[in-house]
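So the structure is just underneath, and the comments pick up after that.
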Amino acid sequence: MNQLAVREIVLCGLFIALITTGTFIRIPVGTDVYTLQFMFTLLAGLVLGARLGAIAVGSYVLLGLVGVPVFASGGGPAYLLQPTFGYLLAFILQAWFCGFSVRRSPDISYRRLLVANLGGMIIVYLIGITWFYLVSNFVIDAPIPLWTAVLYCGILQAVPDFLLCMAAAAIGLRCWQSGIWVEEAKHNAAHKEVCA
């Protein structure tokens, strides 16, 4: 079983705090309100890598489910029945995907990070909109047509989320250039040497 190093635990804790803080930073745009939660979950995958990014975001979701009020509307196990909970689940897979896809090649660039973020955004939209539609129609009995869910939860959110993807790519690139970047291949190689 892999154990987390102190640096990894600290970075995971930092991203749990950033995601929580980002949830409560509200940016009004017209009639909608946007948060920075999505950007920080993207950054968790980019900076921490697939494994640690998923651990950090998964820990954030678990904290909310046990009752710590880290979600936009509080926390607790009843949050599983919220139409927006699918987005929280998708953030875990999105963080893993972003971390995995950017580390497949040694060439780190803004474009590579942005493409990974856009892939993560697609994952979040697919899972989030599907969960929203199913829970709204079959669990809480608040029927919504599929195309209405796609319009309001996807199409109208795409431009602001794309801007957050761009910002996360720029910040992620700066973190890589500054050395604030977990290299999974080196960690695994070092772990194998110690355990051999």
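The range 33-116: which trypsin sites (Lys or Arg not before Pro) are DSSP loop and have at most 16 other beta-carbon atoms within 10 angstrom? Write down the numbers at each step before the final one.
Numbers: sites: Arg51, Arg103, Arg104, Arg111, Arg112; in loops: Arg103, Arg104.
Those that pass, being in a loop and sparsely packed, are Arg104.
Divide by every residue of the chain the summed helix terms, -39500 (n - 2.57) for each DSSP H run of at least 4, and state the resulting mean residue ellipticity at 222 nm, rounded to the nearest 500 deg cm²/dmol.
Helix-only estimate at 222 nm: -24000 deg cm²/dmol.
Using only Cα atoms, tell me the angle between helix 184-195 and the longest principal axis of the chain; keep it within 0 to 90° and round to the nearest 10.
Orientation of helix 184-195: about 50 degrees from the principal axis.
Working out 0.36 nm times the residue gap between Tyr110 and Thr31, then minus their Cα-Cα distance, what length gain in nm do you get to one decimal?
Additional length available on full extension: 25.3 nm.
Check Tyr34: other-chain or 5+ apart residues with amide H under 5 Å from its amide H, H built from backbone geometry?
Ile27, Val29
Please give the peptides 8-18, 139-149 ranked by average Cβ packing (other Cβ atoms within 10 Å per residue), highest first, as a rough proxy for protection.
Put in order of decreasing packing, that is 8-18, 139-149.
Where a ≥ b ≥ c are the square roots of the eigenvalues of the C-alpha gyration tensor, would you call the chain rounded, which needs a/c under 1.5, or, failing that, prolate if a/b is larger than b/c, or oblate?
Since a/c reaches 1.5 and a/b is larger than b/c, the shape of the chain is classed as prolate.
Read the figures in this text as sums done on the coordinates, not as results from a lab. Everything numeric here is computed off the predicted structure, so don't read it as measured data. As a convention, Cβ positions derive from the backbone with ideal geometry for all residues, glycine included, and neighbour counts pool all protein chains shown.
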